1. Against the definition (at pLDDT below 85 and of a type outside the set (A, V, I, L, M, F, W, C)), how does residue 472 come out, yes or no?
2. Yes or no: residue 451 of a type outside the set (A, V, I, L, M, F, W, C), in the same structural domain as residue 394 (by TED's automatic domain parsing) and open to solvent by 30 Å² or more (accessible area, probe 1.4 Å)?
3. Give the residues of the stretch 298-315 that are within 20 Å of the chain's Cα centre (by Cα) and among the basic types (Lys, Arg), sorted by residue number.
4. If we scan the stretch 284-300, do we find a residue that is modelled with pLDDT of 90 or more, closer than 26 Å to residue 539 by Cβ and not in a helix (DSSP H, G or I)?
5. Would you mention how many residues in the stretch 554-565 are in contact (Cβ under 8 Å) with a residue 60 or more places away in the chain and of a type outside the set (Phe, Trp, Tyr)?
6. Filter the helices (runs of 4 or more DSSP H) completely within the stretch 373-440 down to those with at least 3 residues that are aromatic (Phe, Trp, Tyr) and in the same structural domain as residue 548 (by TED's automatic domain parsing).
7. Right, residue 365: part of a helix (DSSP H, G or I), touching a strand residue (DSSP E or B) at 6+ places or on another chain (Cβ under 7 Å) and either modelled with pLDDT under 95 or aliphatic (A, V, I, L, M) (or both) or not?
8. Across the stretch 344-370, what is the total count of residues that are within 22 Å of the chain's Cα centre (by Cα) and open to solvent by 30 Å² or more (accessible area, probe 1.4 Å)?
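The values are calculated or read from the model by the stated rules, or taken from the named source; none is laboratory data. As the structure is a computational prediction, the values presented were derived from the model and not from experiment. Reconstructed Cβ throughout: ideal geometry from the backbone, glycine too, with neighbour counts over all protein chains shown. Just the protein is used for accessible areas: all its heavy atoms, side chains included, with ligands, DNA and RNA removed. Shrake-Rupley method; radii C 1.70, N 1.55, O 1.52, S 1.80 Å.
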Amino acid sequence: MFERRLRILAMLGGLYLLAIVFRLFDMQVLESERWRLQAAELGQRTIRLTARRGTILDRNGVPLAEDRIQMNLNLRLDRRDDGSWICAGCGKPLHTEYEQPPRRCRTCGGVAFAPGEQPDWSRLPGLLGITNEEFAERGREAGRRYDRAVKTEMDRRKKNWGSARLRDVKNVLLPREWLFFEDAGSAAVKEVVLHPDRYWGVVVRPVRRRRRVEHPSIRRTIGKLGPVTEADARKMREDDGLSFSSIWRMRVGRSGLERKLEDRLSCREGRKVVERNRRGEVRTVLSERPARDGTDVRITLDLRLQKKMYEALARTCALHQSDGGAFVAIDPANGEVLAMVGFASENELWDPAISSIVPGSVFKVVTAIAALETGLIDPGETLFCDSGRWNGIGCAGHAHGETGLVSGIYDSCNKYFAWTATKIGVELWSDWGKRLGFGKPTGIEITREMGGLVPDRDWKVRAYRKNPEYWDTDAFTASDLRQAGFGRGPVLVTPVQVARFMAIIANGGRFVTPSLVMGEGKVGEVVMRTSLPLVREGLKATVTRGTARGKGLDRYRVAGKTGTAEVKPGKKIHHSWFAGYAPAENPRVAFACLIKNTPSYGADAATPVILAFLDEVFRK
């Protein structure tokens, strides 16, 4: 009897030990991943401290690009294949003997539902402003993202560890949130927050997003953000010691002001490492690196004026059958860019304001300055201009008679400036073009700015070697110089360069470095002295009795120069220009306007845009 009892006790003890061994095997092998993750959650945790990227403001303080908090709706696909209850709050399984919905989790108080129960989401599509079909498709897409994530994680574990269990992967991925709707309105957010039992599995998450003004008048100037490149990542690792996980989450400026001002606008997220107890409460802060917000930047552009000028430019291009144009205005006293607008009817990525293009007669003023500053011409010396041609160069059938420097400017005589350029010589002519800011980018805070071209002998040699079929010789010939002297041939400029050139004339000959950032425009040393009085006289006469007379510009006492660069010989298609400053006696603004590929001439096509700008500026 005693031995029997002893055997029973031994058998029960053995079963007990076997149960312990089996449970240890289950915990250490079968459920190892789940327990490892739970232990990690109960230990250290790294908390991201978000940072705000600097805001770009217009000159009146209107935000053009800023970080804003938007409310996203995320989904938690908290259901298990075995049909057990799942908490929508913490993702933990619940017991099936709970009462009827809503059921509450004993751990966090979250709502739980069983498979097959359908929550009442009928109001949500209307609050989000989408159809029921689109709403259902968003839910299915969240499920597909979950399925793809499961497959990716399974493949990763099999590659790295040799094996993977689907249950372990789902234990990791089920509690994750999957984006369902971005930037939900306040009504939808309020509905979800106030009725968690109705919208189980829907989580409201505040997310920081970059918002910019999308108006075409300023969109390209602001630029875009994009992912970090490998070069950016290496630099951040070296300079700031950031981890790769935090670097790849960042977005940096990829174009426009966002890129040029990256050093000021950029922010760095912080990190705090804490130790938690089994209830998830923070016990100790082990380390902390504070977040660093970016610096706000105020630029010189006025959003309201930008929109007005874009509308004026679009109207003018449509009226004159043009495919695009640009307008740039600069304060000659300090170099601040007051307006910079590009319009392109076909290619929205192309920015005409910073693109190289043939200047036409606007460049005659450069030739005039070079001739007067070098002293190689007598201002009183004249050339007789008839309706014929001189060395293959004509004036579109016009006969200007005896033409001097001042009358050559306001009558825009091609022959006079071709003749003047040959007296100067290519080296001096090219040197003065570069001194006045042509042939290289202005340095304005925008990406992809072109530098234009002021040709010289070295350029001609390179051009011939690159394309010998196009050129007769590698020498810069007298014919090349005559064409360049009045803005034809290989001469290229940008509207920003032309506006800066007019600002130099307007402020008394001091070199201008334009800027889009308030307080960072520069006015430097004097680059032209002796030529200033006669050049200003010619520009003023252009409006009163020259090629821009009768266009309404005299109402604002404008001084300027028209330009018409023929781009399709025989088809009467031109690039039409007008560049100048106002008022002529005490200039407050300098500007340049380009209308591309139009049958209209400079005074007809470009001056309506100039008048629209002056109406806005001088009306204040």
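1. Spelling it out, residue 472 is indeed at pLDDT below 85 and of a type outside the set (A, V, I, L, M, F, W, C).
2. no
3. Step one: list which residues in the stretch 298-315 are within 20 Å of the chain's Cα centre (by Cα), which gives 298-307, 309-310.
Matches in the stretch 298-315: 298, 304, 307.
4. yes
5. Taking the stretch 554-565 first, the residues in contact (Cβ under 8 Å) with a residue 60 or more places away in the chain are 556, 561-565.
Still in the running and of a type outside the set (Phe, Trp, Tyr): 561-565.
Count: 5.
6. In the stretch 373-440, the matching helices (runs of 4 or more DSSP H) lie at 414-424.
7. Judged against the criteria, residue 365 is a match.
8. 7
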